[in-house]
Amino acid sequence: MTEREKMLAGELYDCGDKELLTQWHKAKNLTRDYNNTDSENLAEKDRILSELLGGRGKNLWITAPFYVDYGNNIYFGNNCEVNMNCTFLDDNKIVIGNNALIAPNVQIYTAFHPTNARERFGEPKPDGSFEFCKTRTAPVIIGDNVWIGGGAIIMPGVTIGDNVVIGAGSVVTKDIPSNVIAYGNPCRIARKND
């Protein structure tokens, strides 16, 4: 398996792999260009998103600045809005359904590291330095008609169902079923969302 294949399979992989670094740098350059494009230049922003993202439906609005790891592992449905200063660490797939509203400063993570330092960095080199840290991933899936409140953090491996509201500042560590309002740290279901 390539390191990218390991990454997408959720296996331990090397972030310093040449193929991965090439895509990482490409995504950083594209997001820099997106973030520096004049706000009213919709054609250029559309061109950049077409090159950056894995896929998207109609009517995607992303307010700059926007940050990603690879970009090509992010998929949006139709009629989605991402407000400013969001960070999507898409080392695995981030799939967002239709009619999503993602407030400012939301962070979606798919990557995590071994808690044991030797597993994370391996053995030190003779000069005392380390290789890139080893990483694992788990996808994040967000259903249709979801509103993620400002400053929320979605952790690796989380699935959020349809018609869900996640309160501002929440840290979502476990799956959230459809048709609920949930908030807190850790995020818990507060009530049904009829």
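The values are calculated or read from the model by the stated rules, or taken from the named source; none is laboratory data. Since this is a predicted model, take the numbers as computed values, not measurements. Virtual Cβ from ideal backbone geometry, glycine too; neighbours counted across all protein chains shown. Keep in mind that these areas ignore ligands, DNA and RNA; they rest on the heavy atoms of the full protein, side chains included. Shrake-Rupley method; radii C 1.70, N 1.55, O 1.52, S 1.80 Å.
By a straight-distance test (C-alpha under 30 Å), which lysines pair with Lys26 as possible cross-link partners, with residues fewer than eight away in the same chain excluded? Here the lysines satisfying the reach criterion relative to Lys26 are Lys6, Lys18, Lys45, Lys58, Lys93, Lys125, Lys134. Based on Cα contacts under 8 Å between residues 6+ apart, the stretch 36-160 shows a relative contact order of 21 percent. Evaluating 6.51 cos²θ - 1.76 cosθ + 1.60 at θ = phi - 60° for every residue in the stretch 146-160, the Karplus couplings come out as 9, 10, 9, x, x, x, 5, 10, 10, 8, x, x, 7, 10, 10 Hz, glycine and proline recorded as x. Axis angle, to the nearest 10 degrees, between helix 42-52 and the longest C-alpha principal axis of the chain: 40 degrees. In a reduced charge model with +1 at each Lys and Arg Cβ and -1 at each Asp and Glu Cβ, the chain shows a dipole moment near 420 debye about its Cα centre. Projected onto planes of every orientation and averaged, the convex hull of the alpha-carbon atoms in the chain covers 11.7 nm².
Take the chain with all the other protein chains still there, run a 1.4 Å probe, and you get 51 Å² of accessible area per residue. Determine the percent antiparallel among the DSSP beta bridges restricted to the chain, to the nearest 5. Once the DSSP bridges in the chain are tallied, antiparallel ones form about 20 percent. Ellipsoid semi-axes for the stretch 93-153, based on the Cα gyration tensor and the rule √(5λ), read 36, 12, 8 Å when sorted largest first. Taking 4 °C and 1.567 mPa s as conditions, the stretch 1-40 diffuses translationally at an estimated 112 µm²/s according to Stokes-Einstein applied to its Kirkwood radius (Cα pairs). For the stretch 128-192, the ratio of Cα radius of gyration to the globular rule of thumb 2.2 N^0.38 Å stands at 1.33. Per-atom-type breakdown for the chain gives carbon and sulfur 52% of the accessible area (1.4 Å probe, protein chains only).
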